[in-house]
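Quick note: the coordinates plus some simple rules give every number you see, no bench work behind them. For clarity, every value in this text was computed on a predicted model and none was experimentally measured.
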Amino acid sequence: MILSLAARVFGTDAIALLRRLAAAGVRAGVSEINRHEREGGR
């Protein structure tokens, strides 16, 4: 619902950008967690 409303207001470009940012954030978070686990001495 919110995405369709945002698409109407901002256009599909903004939706694609938001999704790309979200994917990049998830990837960065996962790599950060993995880095901390490696440094944890396991």
key: Length released on extending from R35 to R20, taking residue separation times 0.36 nm less the Cα-Cα span   = 3.2 nm
note = For segment 15-29, in residue order, the Karplus 3J(HN,Hα) values (coefficients 6.51, -1.76, 1.60; θ = phi - 60°; whole Hz; Gly and Pro = x) are 5, 4, 5, 4, 5, 5, 5, 4, 5, 5, x, 5, 4, 5, x
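Send over the semi-axes of the chain's equivalent ellipsoid, whole angstrom and largest first, taken as the square roots of 5 times the C-alpha gyration tensor eigenvalues.
Numbers: eigenvalues 240, 13, 4 Å².
Those come to 35, 8, 4 Å.
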